[in-house]
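Q: The structure follows.
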Amino acid sequence: MADEIARSPALEIHDLGFAYGATSALDHVELRIAAGEFVVLLGPNGAGKTTLFSLVTRLYDSRQGVIAVEGHDLHRHAIEAHARMGVVFQQPTLDLDLTVKQNLLYHGALHGMTRGLAYQRAMEQLSRMQMQESLHRRVRQLSGGQRRRVEIARGLLHYPRLLLLDEPTVGLDISSRRALVEHVHELCAEQGVAVLWATHLIDEVHAQDRVIVLDRGRIMADGRVDDITAAQGVETIGAAFDRLVDEEPS
Amino acid sequence: MRVGAYWHCMRGVVGRELLRFVHQRSRFIAALVRPLVWLFVFAAGFRMALGVAMIDPYETYIRYEVYIVPGLVGMIQLFNGMQSSLSMVYDREMGSMRVLLVSPFPRWYLLICKLLASTLVSMVQVYVFLLIAYLYGVQAPLAGYAYILPALLVTGFLVGALGMLLSTFVRQLENFAGIMNFVIFPMFFLSSALYPLWRIREGSYLVYQIASFNPFTYAVEMIRFALYEQLNLTASGIALATTVVLLGLAIWGYDPARGMLARKGGE
């Protein structure tokens, strides 16, 4: 059993469906992310990205389909699954009136860490991001890019095997966005954390990334950038994306 | 998860709530001003009009100020409980509630930690109020101030669970503010917080009946008796049972698979 779990993908989704009343938001979604893999979930606004994230984090629940994090079924073993995932939500979720340290220690406590361990991990993550000097600053005093970095530091504090980022660059300027994308790629490579990065911005896709195109709740394409562009007979991922999301659902 | 991890989680949630409370001095002042106005102003005015006969747990005739202090303690907890739930709706809108809900602990445990945190904050407010009331001359037996601790805990959970349950029905902050007005004021005024039930019955039998069914009445009576070193078994039993039911419903409401949030399509 332990070996089975160790070999399991960081995230596995099988036949997932979800509807808001009569409106379908996700339809038979299949997804598998290997340990240490960086995957971009690309979709226009309203494609179902945030719904998918809400289901993977179990803020929503679906009766259709299976979600497993490192082999731990989210329904039956929610605690084990949650312990293995770090999440950066689309909306900022730091407490603006608390300091960076207080926010990070709070998160550590929510993962059952002692204050000492949480502080040590907080310093480790902040140093990695060259933000140690911000430890005692109130979050309100930080720039948008810095806040996002703190959120990522927080998401990594408990050493998750899967990091979920839902449009983490919303509200950031271009240079902060680029820096953040690079930073998470580096983290993925250095720490072997699987990353699912949801975005609707084409320029956040790297040439070597695996891309999943989601539209109207369905996966329209899944593969390396080159494979997707070749399959669509176009030069760029942007053109492939336009073509995929313009297609009428069958 | 180890038992120690549960402890660290609770410490973190309670610590955050206390920190937020410390940072929001205006909230603390507002929470105190409200009951103090009742004590210093309204009670002085109503004293002659209402007067209170000898009733349990008091051993003699009492001033109106003495009578309403337990009700005002309940008022502090009621407002704090609702405000805490309001902040849950705010947190849900702003996203920080999600951070709590995706942590690797059972959701019922996380919600109980949240309720405990808001209850402890309300208890700090209550003791500061009781100190001021004591200095003003409303003095209960000293042991009574320790006896009310469990009563405050139960009342804090009761009103907090009610607010939490209400928060599952609304998605937007604006709606919740409206709901609060329909809950706080009827709950407070249609109870024994300001007048004894027998006096309410003299005025209106219907209002008396409503007040008799109001769980807040029993929470106030539980506090009143505890403050005078007595246990009102009926009031405590009803308050405790109501707390358990409301807490169960609130936990069900926040269950993503079964509760109200699931019906609305998510968090």
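Q: Can you list, bin by bin at 10 Å, the percent of alpha carbon pairs in the range A:117-197, starting at 0?
A: Using 10 Å bins, I get a P(r) of 18, 54, 27, 1 for the range A:117-197.
Q: What's the angle, to the nearest 10 degrees (0 to 90), between helix B:215-227's Cα axis and the longest principal axis of chain B?
A: The two axes meet at around 60 degrees.
Q: Another question, then. Let's test this: bin the Cα-Cα distances of the range A:94-159 at 5 Å from zero up to the farthest pair and state each bin's percent.
A: Result, from short to long distances: 4, 22, 35, 26, 11, 2 percent.
Q: While we're here: Applying a 10 Å radius around every beta-carbon, put B:220-229, B:200-209 in order of their mean neighbour count, most first.
A: Values: B:220-229: 25.2, B:200-209: 13.5.
My ranking of the peptides, most packed first, is B:220-229, B:200-209.
Q: Using the alpha carbons of the range B:115-223, what is the convex hull volume per residue in cubic angstrom, as a whole number?
A: Working: hull volume 13.8 nm³, N = 109.
Value for the range B:115-223: 126 Å³ per residue.
Q: Working from the alpha-carbon coordinates of chain A, get Rg over Rh, Rh being the Kirkwood radius.
A: Looking at chain A, the ratio lands at 0.97.
Q: Which residue, B:Ala219, B:Leu100, B:Trp38, has the largest displacement toward the positive end of the dipole of chain B when charges sit on each Cβ (Lys, Arg +1; Asp, Glu -1)?
A: Farthest towards the positive end: B:Leu100.
Q: What's the local net charge at B:Ala235, with K and R +1, D and E -1, over the other residues with C-beta under 12 Å away? Don't jump to the answer; show the numbers that get you there.
A: Working: positive: B:Arg224; negative: B:Asp56, B:Glu221.
Local net charge: -1.
Q: Sticking with this structure for a sec: List the relative contact order of the range A:94-159 as a percent without decimals, with contacts defined as Cα pairs under 8 Å and 6+ residues apart. Mind dumping the intermediate values first?
A: Values: 66 pairs, mean separation 30.8, N = 66.
Here the relative contact order equals 47 percent.
Q: Strictly greater than 30 Å: what percent of every Cα pair in chain B meets that?
A: Details: 10140 of 35511 pairs.
Every Cα pair in chain B considered, those over 30 Å come to 29 percent.
Q: Where does the protein assembly as shown land on the Kirkwood hydrodynamic radius, alpha-carbon pairs, in angstrom?
A: 25.2 Å is the Kirkwood radius here.
Q: Follow-up question, since we're still on this one. Counting only trypsin sites (Lys or Arg not before Pro) that sit in a DSSP loop (anything but H, G, I, E, B) with at most 14 other Cβ atoms within 10 Å, what is the longest stretch of chain A containing none of them?
A: A:77-250
Q: Report the relative contact order of chain A, percent, no decimals, based on alpha-carbon pairs under 8 angstrom and at least 6 residues apart.
A: 26 percent
Q: About its Cα centre, what dipole magnitude does chain B give when the only charges are +1 on Lys and Arg Cβ and -1 on Asp and Glu Cβ, stated in debye to the nearest 20?
A: 700 debye
Q: Another question, then. Taking a ≥ b ≥ c as the square roots of the Cα gyration tensor eigenvalues, with a/c under 1.5 meaning rounded and otherwise prolate when a/b beats b/c, else oblate, which class fits the range A:192-250?
A: oblate
Q: Under unit Cβ charges (Lys, Arg +1; Asp, Glu -1), what dipole magnitude, rounded to 20 debye, does the range A:94-159 have relative to its Cα centre?
A: Dipole of the range A:94-159, to the nearest 20 debye: 80 debye.
Q: With charges only on Cβ, +1 for K and R and -1 for D and E, what is the dipole size of the protein assembly as shown about its Cα centre, in debye, rounded to 20? Each step should come with its number before you reach the end.
A: Working: 46 positive and 46 negative charges, 395 e Å.
Around 1900 debye, computed over the protein assembly as shown.
Q: Here's something else I'd like to know. Please give the helix A:115-128 orientation as an angle from the longest Cα principal axis of chain A, in degrees from 0 to 90, rounded to the nearest 10.
A: Rounded to the nearest ten degrees, it is 60.
Q: Compute the helix-to-body angle for B:3-23: its Cα long axis versus the longest principal axis of chain B, expressed 0 to 90° and rounded to tens.
A: 60 degrees
Q: Antiparallel versus total DSSP beta bridges in chain A: what percent is that, nearest 5?
A: 55 percent
All of the numbers you see were taken from the coordinates with simple rules; none came from a lab. The structure presented is a predicted model; accordingly, all values stated were derived computationally and were not measured. For neighbour counting, all protein chains shown are included, and Cβ atoms are generated from backbone atoms with ideal geometry for every residue, glycine included.
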